[in-house]
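Down below is the structure, laid out as structure tokens.
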């Protein structure tokens, strides 16, 4: 029997690097989009050589190839949101800046990837400067972790109060909205800040070893929820709950870091409609 959807799945574009171990980058993004009922398409910014243990090499895509790929995907006219991850080079960051400038109606989530969790630099200094000075102003929301928030603001970001300060400063620097993620703290704290104010969400920190691809997954889950028509705050809350459960249900695929289980919902008797109950109350 041929089953057809009454409403087509929203298309979400990932612009990010390729992780051959499939825990992070485009592979994680596409799995996350699918888990949210979205159809993922992708433009590769760089090929990496990595496994669960480390990133050993990085090979950026030629900017012209990246630009043509993105243009071809957008020409289909079905993309409802954009997620931007690792860019690797300033030239690629400039391509993405041009794309976002030309498509202001598309909500875009910029995950400011500067360094892998194993310590490998994933953006050269010129790229980091361009992201900080130019690109954060183009995105609908940016999602830096503690290290990235520190690198962009010059602040020492190690606790909730410092996260709030960094979020406010990034908005002052031109970001429209910021979610500073604090998954490496004792509690899983995320701070969201935009022109309407600031709010912190605190959840339980579960299985801290199961963290390969958490930043990629969180930002792509926000993008998927935006493509589905949700408001930013709701998209962040649902993305946080999704990541928490994907960490909880993760399983090892190698001797190194454990990737998230993006399809954990498939092994449950029924798919919950709303996971916001997985979170604790917002913290002021």
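The values are calculated or read from the model by the stated rules, or taken from the named source; none is laboratory data. Given the structure is predicted, the values throughout are model-derived calculations rather than measurements. Positions of Cβ are generated from backbone atoms using ideal geometry, with glycine treated the same way; all protein chains shown enter the neighbour counts.
Descriptive notes on the structure:
- Within the range 222-238, the set of residues being part of a helix (DSSP H, G or I) and touching a strand residue (DSSP E or B) at 6+ places or on another chain (Cβ under 9 Å) comprises 222, 223, 224, 225, 226, 227, 232, 233, 235, 236, 237.
- Filtering the range 174-185 for residues that are part of a loop (DSSP other than H, G, I, E, B), at pLDDT 80 or above and surrounded by fewer than 19 Cβ atoms within 10 Å (Cβ to Cβ) leaves a non-empty set.
- The criterion of being out of contact with any helix residue (DSSP H, G or I) (no Cβ under 8 Å at 6 or more places or on another chain), under 20 Å from residue 97 (Cα atoms) and free of Cβ contacts under 8 Å to residues at least 12 places away in the same chain does not hold for residue 161.
- The set of residues in the range 125-170 being surrounded by fewer than 18 Cβ atoms within 10 Å (Cβ to Cβ), farther than 14 Å from residue 182 by Cβ and under 19 Å from the mean Cα position of the chain (by Cα) consists of 134, 137.
- Index of the failed condition, residue 235 passing every other in (1) modelled with pLDDT under 95; (2) under 18 Å from the mean Cα position of the chain (by Cα): (1)
- Test: residue in the range 23-42 that is assigned to a loop (DSSP other than H, G, I, E, B) and at pLDDT below 95: yes
- Residues in the range 12-21 that are out of contact with any helix residue (DSSP H, G or I) (no Cβ under 7 Å at 6 or more places or on another chain) and either within 20 Å of residue 69 (Cβ to Cβ) or surrounded by 24 or more Cβ atoms within 10 Å (Cβ to Cβ) (or both): 20 alone.
- Identity of the residue in the range 94-123, more than 15 Å from the chain's Cα centre (by Cα) and closer than 22 Å to residue 214 by Cα, that ends up modelled with the lowest pLDDT: 118
- The range 239-284, subset exposed (fewer than 11 other Cβ atoms within 10 Å of the Cβ) and assigned to a helix (DSSP H, G or I), residue modelled with the highest pLDDT: 266
- Filter result (in contact with a helix residue (DSSP H, G or I) (Cβ under 8 Å, 6 or more places away or on another chain), over 21 Å from residue 48 (Cβ atoms), outside any loop (DSSP other than H, G, I, E, B) and modelled with pLDDT of 95 or more) within the range 133-146: 136, 141, 142
- Assessment of the range 69-76 against the conditions (part of a strand (DSSP E or B) and crowded, with 17+ Cβ neighbours inside 10 Å) yields no matching residue.
- Looking only at residues in the range 123-142 that are touching a strand residue (DSSP E or B) at 6+ places or on another chain (Cβ under 6 Å) and touching a residue at least 40 places away in the same chain (Cβ under 8 Å), the one that is farthest from residue 235 (Cα to Cα) is 139.
- Unique match (being under 20 Å from the mean Cα position of the chain (by Cα), closer than 22 Å to residue 110 by Cβ and touching a residue at least 40 places away in the same chain (Cβ under 8 Å)) among 47, 13: 13
- Of residues in the range 77-94 being over 20 Å from residue 143 (Cβ atoms) and touching a residue at least 24 places away in the same chain (Cβ under 8 Å), the one surrounded by the fewest Cβ atoms within 10 Å (Cβ to Cβ): 78
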